[in-house]
1. Could you grab the Rg to Rh ratio for chain B? Cα atoms only, Kirkwood for Rh.
2. If Lys and Arg each add +1 and Asp and Glu each add -1, what is the summed charge of the other residues whose beta carbon sits under 12 Å from the beta carbon of A:ALA86?
3. Through the Karplus equation 6.51 cos²θ - 1.76 cosθ + 1.60, θ set to phi - 60°, convert the phi angles of the range B:236-250 into ³J(HN,Hα) values in whole Hz; use x for Gly and Pro.
4. Using only Cα atoms and rounding to the nearest 10 degrees, what angle (0 to 90) does helix A:144-159 make with the longest principal axis of chain A?
5. Give the aspartates and glutamates reachable from A:LYS5 as a straight Cα distance under 13 Å; neighbours fewer than 8 places away on the same chain don't count.
6. Report in % the part of the accessible area of chain B that belongs to carbon and sulfur, leaving out ligands and nucleic acids; probe 1.4 Å.
7. If one takes the accessible area of chain B alone plus chain A alone and subtracts that of the pair, with a 1.4 Å probe, what total in Å², rounded to the nearest 100, results?
8. Two-decimal Rg/Rh of the range B:216-260 from alpha-carbon positions, Kirkwood Rh?
Amino acid sequence: MLAEKYAAQIEKILAKYPDKRSAVMPLLYISQEEYGHITDEGIVEVAAIIGEDPTAVKSVAGFYTMYSKQPKGTYWLQVCTDLPCALKGADQFYADLKDYLEITDDGGTSPDGLFTVEHVMCLAACDKAPMLQCNFHYVENLDMEKMKAHLAEWRAEAAGSKTPKKKA
Amino acid sequence: MTTNGLNIIYRERDVKNIHELKVYTKHGGYEGLKKALGMKPAEVIDVVKASNLRGRGGAGFPTGLKWSFIPQSEPVKYVVVNADESETGTFKDRQIMENNPHQLIEGALIAAWAIQATAVYIYLRGEFWDVAHALDKHIEEAEKAGFAGENIAGSGWSCKVYTHLGAGAYICGEETALLESLEGKLGQPRVRPPFPAQKGGGLYAEPTVVNNVETLANVPWIIVNGADEYKKIGTDKSSGTKVFCLSGHVNKPGNYELPFGITFRELIFEHGGGVTNGKKVKAILPSGGSGPIIEATDEVLDTPLSYEGLSKFGSILGSASVIIMDEDTDIAWVASRVTKFFKHESCGKCTPCREGTYWLDKVLDRVMAGEAEQRDVDLISNVAHNMQGTTLCAFGDFAANPAISTIKNFPDDFKKHLKA
Ligand SMILES: Cc1cc2nc3c(=O)[nH]c(=O)nc-3n(C[C@H](O)[C@H](O)[C@H](O)COP(=O)(O)O)c2cc1C
Ligand code: SF4
Ligand code: FES
């Protein structure tokens, strides 16, 4: 149960706003962290905390792209292929990365279940292209060589007992 | 025209570690806030008005004037900082928040004092996850030192500062969509009036000032140095410095803080290290994906950059997200890429925008696949023109801009793709 497990964090969030409803977005992040993606269970719990109808919470979750409606790999890689990055080779980088990880479709996950790769719009790092976010953390000025090193690091991290970098 | 290295915003370039509170205060930090607290709120607004500071979020609206719209009789008022920074090609606010965060906090609190706000909310795009968490720590420190929160600088006035993370939606940069989102709803623009500054139109229906990060980061300097000093920087109608986010085909992409009035030529060649591979510059998007594209003629390259300077070329400076494209760039491809952004990001509330972006994208795909004829290109222009001025928010105009301006200014780039 989110309400118990994250009681202190939730209390702090609710204290920020005069209206509990404003807490829906931070609470959805907590539920995503807890359950790996947005689940019905998480939605019902968030709705109960803020005293709203679950359908309202569900529509908020549906509107915003950072709430993942499906399970993702341990590492969610969002590669920017918007215009400035594309002018600096981001399309090729994105294609190479998918190939390397044996992913065929945009938003697909590598066979080992570790990496989900998706292309996204401008991430406010256009001077550091090609770039991506891994679980919402910036990784910039990339090429495939550097990328392979990052992937090896993340693989090792996931293989060890060390919990991968958290989203929340 | 001197392009001196005056850093009002990016002070980390002059002072190492200015993100730390003790370094910031040692170098004049929070002096602007203290000074403002010794002035009447209306006097603070007058100084900002006189400084000619204009909004850096894109529209260039006079900041002091905006603050003066807030009805003082209302007991609850808010300052909301727009840190959504999602415009294609824009990456200036992130750097301010990462490297000089206290200056934003200070500027926001001066705004809050000026309108007698009860709280400040900083709305950051969701991808600024790490930025927001670092900012929370800086706010906490400022509170502990008495520069935010309770009884600020011993004045008896209190104002809390909070961060709020979005979750991936470009439209939340539009100020009324942002307010909806902050209230926990879908980020869709509101019908105006009432405007955010009015009762009924702002956050939780209370009068609210919404300002961009860069706008507010200018305010402490203005309060400390005065409006006249500020007006000495820049051009007649555009005062101060502006951060130019330079990206695309340049050797040294990055943020360049320069006085208004510098030219594209100076920006690209003196500061940006020239075009990659020694190529010529063909086209410029001066305001990210949302402003019209222009051909990089000598006249364009030598025009002083200001809010007023680009109108004669049918474009705007907007947020000054300057995307450079070299002579080999296919502008039809540019149109298609930028249009995909808008199709993806339309909030879907109004039909001309939702349907228009869908069709623009579809027909542009056809152009890129070599399956289109001239009448398809004409159709693109038609659809785009019909979107303009018919939508609830300016997104509809933004989304039409790339299609219209690329076809108008680079017709040959489209012809190359047409079926014989
Ligand atoms: C579709 C759309 C997106 C916008 N995105 C942003 C943004 O990311 N950041 C921003 O500061 N302003 C953005 N704006 C402008 C805001 O609506 C608003 O004018 C601005 O925050 C006001 O602050 P300023 O006066 O300090 O510029 C956007 C406007 C529109 C129509
Ligand atoms: S113009 Fe587009 S983005 Fe703006 S409200 Fe209408 S549908 Fe939404
Ligand atoms: S275009 Fe990729 S970060 Fe802006």
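1. 0.98
2. Neighbourhood net charge equals 0.
3. Each residue of the range B:236-250 in turn: 3, 9, 10, 8, x, 9, 9, 7, 9, 8, 9, 9, x, 7, 10 Hz.
4. Long axis of A:144-159 versus the principal axis of chain A: about 50 degrees.
5. A:LYS5 reaches A:GLU33, A:GLU34, A:GLU45.
6. Of all accessible area on chain B, carbon and sulfur atoms account for 51 percent.
7. Summing both sides, the interface buries roughly 3900 Å².
8. Result for the range B:216-260 is an Rg/Rh of 1.10.
The values are calculated or read from the model by the stated rules, or taken from the named source; none is laboratory data. Keep in mind it's a predicted model, so treat the numbers as computed, not measured. Ideal geometry is used to build each Cβ from the backbone, glycine not excepted, and the neighbour counts take in all protein chains shown. Accessible surface areas use protein heavy atoms only, side chains included; no ligands, DNA or RNA. Shrake-Rupley method; radii C 1.70, N 1.55, O 1.52, S 1.80 Å.
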